[in-house]
1. Measuring from label point to label point, each 7 Å out along Cα→Cβ, what is the ASN192 to ASP86 span in nm?
2. What's the ranking of 156-162, 45-51 by average number of surrounding C-beta atoms within 10 Å, highest first?
3. Would you kindly compute the Cα radius of gyration of segment 58-154 and its largest Cα-Cα separation (Dmax), both in Å?
4. Which FRET efficiency value, to the nearest 0.05, is calculated for LYS162 and THR68 with the Förster distance at 41 angstrom and r the Cβ-Cβ distance?
5. First select every other residue whose beta carbon is under 9 angstrom from the beta carbon of ASP58; then total the charges, Lys and Arg +1, Asp and Glu -1.
6. Please compare each pair in LYS121/LYS155; LYS130/LYS162; LYS79/LYS121; LYS63/LYS130; LYS79/LYS190 to a cut-off of 29 Å on the Cα-Cα distance and tell me which ones are over it.
7. I need the Kirkwood Rh of segment 146-210: take the reciprocal of the average 1/r across all distinct C-alpha pairs and report it in angstrom.
8. Using a cut-off of under 15 Å, list every residue of segment 136-164 whose amide N is near the label point 7 Å from the Cα of GLU204 along the Cα-to-beta-carbon line.
Amino acid sequence: MTGGETDRMRYFMNRLVWIVSVLTMIVAATSCGKTDERAAEEAIESAAAANGQKVDVDLSGDKMTIKTADGTTVVEGDKATVTGPDGTTRIDGNSMEMTSNDGQVKMVSGDNAAIPADFPKDVPIYPGAKVTMAASDAGEQTVTVTLQAQDTLDKVSEFVSKEAVAQGWKEDMVIKQPGDQPMHMLEYQKDNRILMYTLVSNGENVNISMSVQTEEETAEAAAVSEPPAEEAPADVAQPQ
């Protein structure tokens, strides 16, 4: 992942951690037998205050709204929306989506995870591997898919190397790290795209992360690709 993408995903996960902590506070409040909504609101506000957070809680049936100095969180069942100055994050079960000025980040994990319909067809996908997560970052023009394959690291790595080249990708980097948890990192390039595989041996399985990033054409590259403009012929002075 690039720096920008990593920052967005970190922010994305911080939002999720906040929502999980909110749900934990709800459970703590209701487990004390405080069925009255106002009593539960005060319990959650007190629990947040004990952690150094000032919040305003409003409970209405299964819906809870929490307001802080950084924004508003609305939780209803397994759905949650967090709105703040940096953007809006929506969580629906195992699906998460964050929209900000930098673009949109989407992530689906668990049983609902699948190869995106617009995933590049020339990217080799290991046969029989189970998709565990799919994410896209519009701002970084990056799509990432993680899978798990029941095979050996060397076999998966050999498949990727062979098929990537067969699909027209140029190999840029191969790193093979031994140890208790061996890992292979393979990077390829094709046109203005970069393909990165991270393969990690995990017992009888191999965790596969494949990421495709589309780079914007630089001004210098565009200038090289465009033929120079023809110069108009200079005026020739006519004899008097």
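The values are calculated or read from the model by the stated rules, or taken from the named source; none is laboratory data. For clarity, every value in this text was computed on a predicted model and none was experimentally measured. When we count neighbours, we look across all protein chains shown, and the Cβ atoms used for this are built from the backbone with ideal geometry, even at glycine. Just so you know, the surface numbers come from the protein's heavy atoms only, side chains and all, with ligands and any DNA or RNA stripped out. Shrake-Rupley method; radii C 1.70, N 1.55, O 1.52, S 1.80 Å.
1. Each label point is offset 7 Å from its Cα along the Cβ direction, giving 2.9 nm.
2. Numbers: 156-162: 18.0, 45-51: 13.9.
Put in order of decreasing packing, that is 156-162, 45-51.
3. Expressed in Å, the Cα Rg and Dmax of segment 58-154 come to 17.0, 55.
4. Details: r = 52 Å, r/R0 = 1.27.
Calculated transfer efficiency: 0.20.
5. Working: positive: LYS63, LYS67; negative: GLU37, GLU41, ASP56.
Its environment carries a net charge of -1.
6. On the way: LYS121/LYS155 21 Å; LYS130/LYS162 21 Å; LYS79/LYS121 33 Å; LYS63/LYS130 35 Å; LYS79/LYS190 39 Å.
As for pairs spanning more than 29 Å Cα to Cα, those are LYS79/LYS121; LYS63/LYS130; LYS79/LYS190.
7. Values: mean 1/r = 0.0837 Å⁻¹.
Result for segment 146-210 stands at 11.9 Å.
8. Residues 149-153 qualify, since their backbone N sits under 15 Å from the label point.
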